[in-house]
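Below is one structure; the comments refer to it alone.
The values are calculated or read from the model by the stated rules, or taken from the named source; none is laboratory data. No experiment lies behind these values; they were computed from the predicted model shown. Here Cβ is always computed from backbone atoms with ideal geometry, including for glycine, and neighbour counts include all displayed protein chains. We work out accessible area using only protein heavy atoms, side chains counted, and drop any ligands, DNA or RNA first. Shrake-Rupley method; radii C 1.70, N 1.55, O 1.52, S 1.80 Å.
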Amino acid sequence: MEILTYFEQLSGIQWVAGITLLFVVWFLPAILAFFFNRKQLRIIAVACVPAGFSIIAWSGLMLWAVTGNALNRFRRVKA
C-alpha cells in the first residue's frame, strides 16, 4: 500500500511528466524508425502499441527500427 500513498503525493506536473516519459519510451522504436528506417515507419509505429506490453516484442521492434535497412545500405552492387 506504500505505492498508493506515493502516487497520491505526486503533483499534476509530475503526473504529466511521468505519462509523457512513458509514451516516449513506449514509442521509442517508432521515433528511431523515423530517423533510421523511414520506409517501414508506419508499420513499426502501429506495432508499438501491443509490443509495449512485452519486453521481448519491444526489443525486437527496437532492432527492426534501427537495423531494418542496414543490409540494403551495405550490400555491394554486383556488376
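Which of the residues spanning the range 51-75 are polar (S, T, N, Q) and at pLDDT below 90?
67, 69, 72, listed by residue number.
So, in the range 11-28, exactly how many residues are farther than 16 Å from residue 61 by Cβ and either open to solvent by less than 90 Å² (accessible area, probe 1.4 Å) or among the hydroxyl-bearing types (Ser, Thr, Tyr) (or both)?
The qualifying residues number 6.
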